[in-house]
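Below is one structure, written out as C-alpha cells; comments come after it.
The values are calculated or read from the model by the stated rules, or taken from the named source; none is laboratory data. Nothing here was measured: the structure is a model prediction, and the numbers come from that model. Cβ sites come from the backbone with ideal geometry, for glycine too, and all protein chains shown count toward neighbours. These accessible areas exclude ligands, DNA and RNA; they are computed on the full protein's heavy atoms, side chains included. Shrake-Rupley method; radii C 1.70, N 1.55, O 1.52, S 1.80 Å.
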Amino acid sequence: KLDDALTLRDKRREAEALYSIGWIYFILGQNTIALDYYQKALDIQQAMNDKLNSAYSLGSMGWSYYYLQQYDDAINLHHRALDLRHALNDLEGVAFSLGGLGKVYEALGEYQKAIDLHLKQLEIARQVGNIKEEAYALSDLGFAYSNQGQYQTASRFYQQALALQRHINDRWGERITLAGIADSFEKAGDIELSILFFKESVNISESIRNNIVERPRSDRQAFLKTVEKSYRDLARLLLEQDRIIEAQQVLDLLKVQELEGYLLHNMRGDERISQGIEMLQAEKDILDAYNQFQRNIIDLGLELRNLRSIPIASRTESQQQRISLLTQLEHDINVQFNQFIDSSEIQELVSRLSFSTSRQNVNLEDLNLFRNQLQDSNSALIYPLVLEDRLELIIVTPHSPPLRRTVLVPREELREVVNQFRGQLLPQYNQSIKVSAQKLYDWLIRPVEEDLNQANIDTIIFAPDGILRYIPLTALHNGHEWLIEKYKVNYITARSLTNFDTPPNATISALAGAFVEGLAEFTVGERSFRFSGLPFAGREIETLVDILPDSTKLVDDEFSVAAVLPQLNDYSIVHFATHAEFIAGQPEDSFIVFGSGERVTLADIKNWSLPFVDLVVLSACKTGVGGLGNGEEVLGLGYQFQRAGAKAVIASLWAVNDQSTQELMISFYQSLQQGMTKNEALRAAQISLLNSHFNHPYYWAPFILIGNGL
C-alpha cells in the first residue's frame, strides 16, 4: 500500500499506509517503531491540514506512549487529539480520547481524575449510541473505584459493563471485565470469589483462542500479549491457597498460550486443555446465581435504553413512569447484588469451596493418570512459576500428592543470574560459572531436594517457565557435583501435552541426514543467510549407521526434502546433522537446512505426520533458541515435532562445537543400542564428555530432551 502511494505520489494514501504500519507495530507490542510511523503519518496529515486523521495519529501515539510508560507524553498527545476532536465536533472521537486519558491517570494512580474522565466518556458514548465504548467506560470506572477501595461502587459499574458486553457478544471485553471483577474481589480479601472470576475470564480467553486461528496474525499476537496476566494472577492465587492441582492446569494453559504466541498457530493440546479450567461445584453454583443477576440487568437495561432513546418531549406519561420504575429497579438490583455477596446462601457456598479446596477435593483424573505413568520410573515433575517477587515450585512424585515450595527471589534477580549463567557457558569460564550454577541450584532444586531424596527420584521432568527455558538444568551445580551426575532430565512443554506411557518401538533404526560440504544461501524477509557444510556431521552419521545397522544415511544432495518425506515413518529415529535457526519476529519461517540447499520451516513441519517416530534429533547449532527473551522459542521446535506425532525431540540451547557434538552423539547411540532409555542414553553421553577434555558444560550441556524420554 505504501509503495503504491509513493509511486502515485498520493500523500493521503501514503499517510494512511504509514498509519496502518504503525498500528501493526503497536499491535505487535513494538511501540517505539509504531511511534516512528505514526509521526511520519502525522507530518503528512498536518501538512495537508487533515485534522480528523491527525487526531487519530495523535491519539494512537498517546496509546503507544502509555504502553511505554511515558505518561507525560501520553497525556500531552491525548489532549492534542482531544482538542482537534472537540473542534471537529467528533463526539465519538472525543469519547476515545477521554478514555485514553483516563487510562493514563489510572496508571499514575490518580484515580479521581480517571473517574472524572471516564464519566465524561460514558456520557458521550451513551449520547452517540456506541455500546462497546460505553461498556469500556463502565469497566474502567469499575477499575478506578476498586483501586480507591470503593468496592461496592466498582461492582455496580462492572455489572453494567458486563451486561452490555454480553448483550453485544463482546467476548474480549467480557474477559477484561471479569478479570477486573476478580481483581476487585482480591483487593477486598474475597480470594475464593476472585479465583472464581479469574477462572471465568481465563475460560473465555480459551474460548477466544480456540476460535482465533483464522484471524490475522496481528490479532492473534495482540490477544496472546493481553491474556498472560490473568493466567498468572489465577495461578498465583491458586498456589497461595495450596490448590496445586488447579494451578498446574492453569500453568499448562499458559505454556500453550506462550508457545502459540511464538509459533503463531492454534495449539489446542488435548481435550483436557481445550476445555479450559475446571469449575468446582460450589463455584458453578455461585456463578449460576451471579448470572441470574446479570440476566436481570441485561433485560432491564435494554428496556431502559430503548425508552431513553425517545426524546423527552415525545415521551408519553406512561413511558416516563416506566423509566422511573425501571430506574428504581436498577438501583434495587445493584443493592441486591451487594447483599448477594454477603448472603448466607453465597457465604455457605464459599465456605464449602474453601473446605473442599483445602483438601484438594477436585477431579484428580488428570493427575492420577500422570502419576500412574510415572509409577515405575522414579521420576518427579517440577513445575516452576516465575512471579514478580518470588518463584513458586510445584513438585509431583509418583506416590504423593502435589507439593508446593516458595522461593523468595524477585523476577529481576532471577533474570540477572540466568543471564550471567548463560554468558558464562563458554570454555574460558571454567570456575566462575559454578557460582551462578549454584545460585540457580539453590533456587530450583535445593528447596525440593529432600522431597526428591525421600521419593528416591532419579529423573526430573522439567516444565520450565519464562526465562528458565534458557538454562540447561543438567548444568546446575550443588557445590560438589553437576546435576547431571545425579539425575536424568526430561523437558516438557506442558504436562498435559506429553504422554509418558507410550512404549518405544522394539527395533531401533535411524533415517540420518547430514549437510557436510558446500554452501546454502537464501533470504528470509530482509535477512540473508549463508551456511557452510559441517565436516564432522558426515563422520557423525557414518558412525551412527555403523551402530544402528538398519539405518539409512542421506548426505548433501541426497539429503533433500523429496528423499526424506516418504521415509520419515519407516524409522524409529529421525536424525538431522545440519544447521537450524529461529527467525525472531517470524517464527513460522524458522528453518532447518537440508544438504540439498533447501530449507524446511516450522510451518512445513506442522503438516508432517510422524506417528511412528520415537525421537527426532537435531544435532547442529541453534536448533533450540533464538535471542534471550521470554523463552517461548526454546521449546517451540520440539513442540512442533511432537505436534506432528514424534514422541520426543533432542535439540540444543546454543551453538555447539562440531567435534564434541559428534562424540556426544556417538556415545548416545551406543547407549541407546545397549537398551538404555532416551534420557538414560543422553545422560550417559553427557557424563562421557564431562569425564573427557570436553568437560565444560559448554560442550555437554546444550542438548535437551523434550517429550517422552522414559
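Of 126, 215, 175, 236, which residue is outside any helix (DSSP H, G or I) and either of a type in the set (Lys, Arg) or at pLDDT 95 or above (or both)?
On the way: 126 fails: outside any helix (DSSP H, G or I); 175 fails: outside any helix (DSSP H, G or I); 236 fails: outside any helix (DSSP H, G or I).
Being outside any helix (DSSP H, G or I) and either of a type in the set (Lys, Arg) or at pLDDT 95 or above (or both) holds for just one of 126, 215, 175, 236, which is 215.
Would you say residue 207 is open to solvent by 20 Å² or more (accessible area, probe 1.4 Å), of a type in the set (S, T, N, Q), modelled with pLDDT of 80 or more and in a helix (DSSP H, G or I)?
On the way: open to solvent by 20 Å² or more (accessible area, probe 1.4 Å): yes; of a type in the set (S, T, N, Q): yes; modelled with pLDDT of 80 or more: yes; in a helix (DSSP H, G or I): yes.
Spelling it out, residue 207 is indeed open to solvent by 20 Å² or more (accessible area, probe 1.4 Å), of a type in the set (S, T, N, Q), modelled with pLDDT of 80 or more and in a helix (DSSP H, G or I).
Looking at segment 109-148 only, could you name the residues that are within 25 Å of residue 194 (Cβ to Cβ), open to solvent by 40 Å² or more (accessible area, probe 1.4 Å) and hydrophobic (A, V, I, L, M, F, W, C)?
143
Take residue 489 and tell me if it is in contact with an Asp or Glu (Cβ under 9 Å, 6 or more places away or on another chain) and either polar (S, T, N, Q) or not in a helix (DSSP H, G or I) (or both). Show your work before the answer.
Values: in contact with an Asp or Glu (Cβ under 9 Å, 6 or more places away or on another chain): no; either polar (S, T, N, Q) or not in a helix (DSSP H, G or I) (or both): yes.
In short, no.
Within segment 550-579, track down each residue that is more than 16 Å from residue 516 (Cα to Cα), outside any loop (DSSP other than H, G, I, E, B) and among the charged types (D, E, K, R).
Once the filter is applied, which keeps residues that are more than 16 Å from residue 516 (Cα to Cα), outside any loop (DSSP other than H, G, I, E, B) and among the charged types (D, E, K, R), segment 550-579 yields only 570.
Does residue 634 qualify as being modelled with pLDDT of 80 or more and buried (at least 24 other Cβ atoms within 10 Å of the Cβ)?
Numbers: modelled with pLDDT of 80 or more: no; buried (at least 24 other Cβ atoms within 10 Å of the Cβ): yes.
Criteria not met by residue 634.
Filter segment 505-529 down to the residues that are open to solvent by 20 Å² or more (accessible area, probe 1.4 Å) and either of a type in the set (Gly, Ala, Ser) or at pLDDT 90 or above (or both) and list them by number. It would help to see each step written out before you state the result.
Filtering segment 505-529 down to residues open to solvent by 20 Å² or more (accessible area, probe 1.4 Å) leaves 505-508, 516-519, 521-523, 525-528.
Across segment 505-529, the qualifying residues are 506, 508, 516, 517, 518, 519, 521, 525, 528.
Being β-branched (Val, Ile, Thr) and either more than 31 Å from the chain's Cα centre (by Cα) or not in a helix (DSSP H, G or I) (or both) is the filter here; which residues of segment 40-84 pass it?
Going residue by residue through segment 40-84, those that are β-branched (Val, Ile, Thr) are 44, 75.
Across segment 40-84, the qualifying residue is only 44.
Which members of segment 93-108 meet the condition of being open to solvent by less than 40 Å² (accessible area, probe 1.4 Å) and either under 14 Å from residue 76 (Cα atoms) or under 28 Å from the mean Cα position of the chain (by Cα) (or both)?
97, 98, 99, 100, 101, 102, 104, 105, 106
From the residues in segment 319-346 that are polar (S, T, N, Q) and open to solvent by 80 Å² or more (accessible area, probe 1.4 Å), which one is modelled with the highest pLDDT?
The first filter runs over segment 319-346 and keeps only residues polar (S, T, N, Q), leaving 319-321, 324, 327-328, 334, 336, 338-339, 343-344.
Checking which are open to solvent by 80 Å² or more (accessible area, probe 1.4 Å) leaves us with 321, 328, 336, 339, 344.
Numbers: 321: 86, 328: 78, 336: 68, 339: 71, 344: 79.
If we take residues in segment 319-346 being polar (S, T, N, Q) and open to solvent by 80 Å² or more (accessible area, probe 1.4 Å), then 321 is modelled with the highest pLDDT.
Which of the residues spanning segment 655-710 are without any contact (Cβ under 8 Å) to a residue 24 or more places away in the chain, out of contact with any helix residue (DSSP H, G or I) (no Cβ under 9 Å at 6 or more places or on another chain) and either crowded, with 21+ Cβ neighbours inside 10 Å or on the phi > 0 side of the Ramachandran plot (or both)?
675
State whether the residues of segment 424-433 include one that is open to solvent by less than 40 Å² (accessible area, probe 1.4 Å), in a helix (DSSP H, G or I) and either among the hydroxyl-bearing types (Ser, Thr, Tyr) or under 26 Å from residue 388 (Cβ atoms) (or both).
Residues of segment 424-433 open to solvent by less than 40 Å² (accessible area, probe 1.4 Å): 424-425, 433.
Those left that are additionally in a helix (DSSP H, G or I): 433.
Retained after the next criterion (residues that are either among the hydroxyl-bearing types (Ser, Thr, Tyr) or under 26 Å from residue 388 (Cβ atoms) (or both)): none.
So far as segment 424-433 goes, no, none of its residues is open to solvent by less than 40 Å² (accessible area, probe 1.4 Å), in a helix (DSSP H, G or I) and either among the hydroxyl-bearing types (Ser, Thr, Tyr) or under 26 Å from residue 388 (Cβ atoms) (or both).
Is it the case that segment 85-104 has a residue that's over 22 Å from residue 52 (Cβ atoms), part of a loop (DSSP other than H, G, I, E, B) and modelled with pLDDT of 95 or more?
Within segment 85-104 (the criterion being over 22 Å from residue 52 (Cβ atoms), part of a loop (DSSP other than H, G, I, E, B) and modelled with pLDDT of 95 or more), the answer is no, since none of the residues qualifies.
Please name all residue pairs, on different chains or six or more residues apart, with Cβ atoms under 8 Å, provided the first residue is in segment 107-130 and is on the phi > 0 side of the Ramachandran plot and the second residue is open to solvent by less than 70 Å² (accessible area, probe 1.4 Å) and in a helix (DSSP H, G or I).
Hits for this filter: 109/147.
Please work out if residue 161 is modelled with pLDDT under 95, out of contact with any Leu (no Cβ under 6 Å at 6 or more places or on another chain) and open to solvent by less than 50 Å² (accessible area, probe 1.4 Å).
So residue 161 fails the test.
Just to be sure I understand, how many residues within segment 384-403 are over 20 Å from residue 454 (Cα atoms) and open to solvent by 20 Å² or more (accessible area, probe 1.4 Å)?
3
With respect to residue 168, is the statement that it is open to solvent by less than 10 Å² (accessible area, probe 1.4 Å) and touching a residue at least 12 places away in the same chain (Cβ under 8 Å) true? Walk me through it before giving the result.
Numbers: open to solvent by less than 10 Å² (accessible area, probe 1.4 Å): no; touching a residue at least 12 places away in the same chain (Cβ under 8 Å): yes.
It is false that residue 168 is open to solvent by less than 10 Å² (accessible area, probe 1.4 Å) and touching a residue at least 12 places away in the same chain (Cβ under 8 Å).
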